[in-house]
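Below you'll find the structure, written out as structure tokens, and then a few comments.
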Amino acid sequence: MEPIVNKNNLHCFAVAATELPLALLLEADPDVAHINSYLSRGQGYGVALNGETVAVAVSVPLTTTSAELINIAVSPSYQQQGIGAMLLRFVIASLRQQGCQRIELGTGTFGHQLTFYQRHGFRVDKVLKNHFIENYPEPIWESGIQHQDMLWLTLNL
């Protein structure tokens with residue numbers, strides 16, 4: 001997909017996932033080993049502002065017509081400005097252009113991420129009990145609550 005540039009000089013782009021900055025990927029996934037497990041098979045996406053990458057995303061193919069959005073993150077100093085929504089729309093359009101018919105992702109059972117995805121049309125498909133407890137070496141906390149279960153969301157294109 002062609003890069004998108006908006007009026008604020010934000011530039012969406014696609015790149016090999018291995019070229020994305022690890023520090024940003026860690027904003028969404030605190031486990032370096034987990035990130036390394038999917039980078040080589042992933043497609044990377046980003047948003048740059050004046051040449052600085054301020055948001056990233058990674059998708060990995062599941063089948064010939066479906067993909068998992070496995071990581072999406074915005075630099076903390078650029079959050080709540082619509083950059084994540086811009087990036088998600090770019091990823092969805094890119095995957096659709098590649099023939100993808102369904103996007104899937106996992107997220108926590110609470111927090112701003114869940115409402116973010118639901119605002120973009122994703123719907124809950126299933127609950128993966130104890131996912132964050134069994135798959136991450138350290139507890140993941142948000143707003144004083146430990147993430148335990150994962151919600152699996154889907155978007156049909």
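The values are calculated or read from the model by the stated rules, or taken from the named source; none is laboratory data. If you're wondering where the values come from, they're calculated on a predicted model, not measured in any experiment. Cβ placement follows ideal geometry from the backbone for every residue including glycine, while neighbour counts extend to all protein chains displayed.
Observations
- Subset of the stretch 99-118 that is modelled with pLDDT of 95 or more and surrounded by fewer than 15 Cβ atoms within 10 Å (Cβ to Cβ) - its residue that is farthest from the chain's Cα centre (by Cα): 99
- Filtered residue count, the stretch 134-151, keeping only those that are within 18 Å of residue 26 (Cα to Cα), more than 18 Å from the chain's Cα centre (by Cα) and hydrophobic (A, V, I, L, M, F, W, C): 1
- Members of the stretch 55-64 found to be buried (at least 24 other Cβ atoms within 10 Å of the Cβ) and more than 17 Å from residue 32 (Cα to Cα), listed by number: 55
- Helices (runs of 4 or more DSSP H) contained entirely in the stretch 1-101, each with at least 1 residues that are farther than 24 Å from residue 140 by Cα: 83-97
Here's the yes/no breakdown for (1) of a type in the set (S, T, N, Q); (2) surrounded by 14 or more Cβ atoms within 10 Å (Cβ to Cβ); (3) without any contact (Cβ under 8 Å) to a residue 60 or more places away in the chain:
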position	(1), (2), (3)
66	yes, yes, yes
83	no, yes, no
128	no, yes, yes
132	no, yes, yes
151	no, yes, yes
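- Tally of residues being farther than 27 Å from residue 80 by Cβ and touching a residue at least 40 places away in the same chain (Cβ under 8 Å) across the stretch 100-126: 3
- Of the residues 83, 70, the single one that is in contact with a Phe, Trp or Tyr (Cβ under 7 Å, 6 or more places away or on another chain) and either modelled with pLDDT under 95 or not acidic (Asp, Glu) (or both) is 70.
- Residue, surrounded by the most Cβ atoms within 10 Å (Cβ to Cβ), within the stretch 134-146, restricted to residues that are out of contact with any helix residue (DSSP H, G or I) (no Cβ under 7 Å at 6 or more places or on another chain) and in a loop (DSSP other than H, G, I, E, B): 136
- Test: residue in the stretch 41-53 that is surrounded by fewer than 19 Cβ atoms within 10 Å (Cβ to Cβ), of a type in the set (Phe, Trp, Tyr) and within 27 Å of residue 115 (Cβ to Cβ): no
- Pairs with Cβ under 6 Å, 6+ apart, first in the stretch 1-21 and of a type in the set (Lys, Arg), second modelled with pLDDT under 50 and in a strand (DSSP E or B): none
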